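A.B. asks: I'd like to ask some things about the structure below.
The values are calculated or read from the model by the stated rules, or taken from the named source; none is laboratory data. All of these numbers come straight from a predicted model, not from anything done at the bench. Ideal geometry is used to build each Cβ from the backbone, glycine not excepted, and the neighbour counts take in all protein chains shown. SASA here: full protein model, heavy atoms, side chains in, ligands and nucleic acids out. Shrake-Rupley method; radii C 1.70, N 1.55, O 1.52, S 1.80 Å.
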Amino acid sequence: MRRLHLFEFLDLKWFPQVLRDGATAYLVVAYRLMRALPRAWAEVIAGQFTPGEEPEILDLCSGAGGPIPAVIEELERLGIKARATLTDLYPNPASVQHDRIRWIAEPVDATRVPAQLTGVRTLVAGFHHFRPDLAKAILKDAFDQRRPICIFEGASKTIATLITILGVPVAVSLAMPFARPFRWSYLLFTYVIPVLPFLVLWDGVVSWFRLYTPDMFRELTADLTANDYHWEIGTVKLPRIPEPLPYFIGRRVSA
């Protein structure tokens, strides 16, 4: 698989937590403003719940919660009162306060999810962080445990999208005053020492190069086949977004 995998700041273990929190807080604000995106993802997730069971989401690589609070609210609009559990290698339990969302305080490896953590697995705008061997391990873990998994990306691998990403520093400057919970450090590293706009731009461009295409996803799942498990590739089209956004699903089906 030919794929450029440069480093992202948020992947570095030594990266300062205050900057990590600032970057992920920006993403939460962005998802909150782009409400159509969590709405579209909620519609896809809604189709993965098992009838008769309590609708539950197990979010992997949650960062600061990303769009999950908005997804939960959009599911409620659809008449589904779902609950979500957030997990990450670097948990950030203070990032989300919602009566139907809880954090797992201990690190959770998305390639080896404890069997007791149930629900529809989601991985939002994070799959590209993993090199092919680890990306496949995430898929294989869901496959082996026969768990449903929904993988969403917030961008498509097109030139139009890359051009849009170049405007990220302006977006960060406009968004950070609205990040919650509010921290003075976010403003410090946005306006006084403008580190956040630069690092979010760098990670955004690198993420674009790292994105998995549908053909790459087919290659990753080529040998993960069974009569009772099905892989699906789809897209969502949103207003004012130049290209459809891909999503990948794995789910158990009747053999």
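A.B. asks: Please determine whether any residue of the stretch 173-186 is within 20 Å of the chain's Cα centre (by Cα), surrounded by 20 or more Cβ atoms within 10 Å (Cβ to Cβ) and assigned to a helix (DSSP H, G or I).
C.D. replies: The answer is yes, given that some residue of the stretch 173-186 is within 20 Å of the chain's Cα centre (by Cα), surrounded by 20 or more Cβ atoms within 10 Å (Cβ to Cβ) and assigned to a helix (DSSP H, G or I).
A.B. asks: Just wondering, is there one or more residues in the stretch 15-29 that are aromatic (Phe, Trp, Tyr), outside any helix (DSSP H, G or I) and open to solvent by 30 Å² or more (accessible area, probe 1.4 Å)?
C.D. replies: At the first step, the residues of the stretch 15-29 found to be aromatic (Phe, Trp, Tyr) are 15, 26.
Okay, now just the ones that are also outside any helix (DSSP H, G or I), so 15.
Okay, now just the ones that are also open to solvent by 30 Å² or more (accessible area, probe 1.4 Å), so none.
No, every residue in the stretch 15-29 fails to be aromatic (Phe, Trp, Tyr), outside any helix (DSSP H, G or I) and open to solvent by 30 Å² or more (accessible area, probe 1.4 Å).
A.B. asks: Quick one: in the stretch 203-255, which of the residues that are assigned to a helix (DSSP H, G or I), among the acidic types (Asp, Glu) and open to solvent by 40 Å² or more (accessible area, probe 1.4 Å) is nearest to ARG35 (Cα to Cα)? Show your work before the answer.
C.D. replies: From the stretch 203-255, those assigned to a helix (DSSP H, G or I) are 203-210, 214-220; that's our starting set.
With among the acidic types (Asp, Glu) added as a condition, the list becomes 203, 215, 219.
Those still in the list that are open to solvent by 40 Å² or more (accessible area, probe 1.4 Å) too: 215, 219.
Numbers: ASP215: 28, GLU219: 32 Å.
Taking the candidates together, the pick is ASP215.
A.B. asks: Before we move on, is LEU117 touching a residue at least 24 places away in the same chain (Cβ under 8 Å) and not in a strand (DSSP E or B)?
C.D. replies: Considered against the rule, which asks whether it is touching a residue at least 24 places away in the same chain (Cβ under 8 Å) and not in a strand (DSSP E or B), LEU117 comes out as yes.
A.B. asks: Give the residue, chosen from ALA36, ALA64, that is open to solvent by less than 70 Å² (accessible area, probe 1.4 Å), at pLDDT below 95 and out of contact with any Pro (no Cβ under 7 Å at 6 or more places or on another chain).
C.D. replies: None of the other options fit; the residue is ALA64.
A.B. asks: Residues to consider are HIS129, HIS98; find the one that is modelled with pLDDT under 95, within 15 Å of the chain's Cα centre (by Cα) and open to solvent by 20 Å² or more (accessible area, probe 1.4 Å).
C.D. replies: That would be HIS129, the only listed residue that is modelled with pLDDT under 95, within 15 Å of the chain's Cα centre (by Cα) and open to solvent by 20 Å² or more (accessible area, probe 1.4 Å).
A.B. asks: Go through THR50, THR87 for me and flag whichever is open to solvent by less than 20 Å² (accessible area, probe 1.4 Å) and among the polar types (S, T, N, Q).
C.D. replies: Result of the check over THR50, THR87: THR87.
A.B. asks: Here is a follow-up. Which residue out of SER185, SER156, SER95, SER173 is hydroxyl-bearing (Ser, Thr, Tyr) and out of contact with any helix residue (DSSP H, G or I) (no Cβ under 8 Å at 6 or more places or on another chain)?
C.D. replies: SER156
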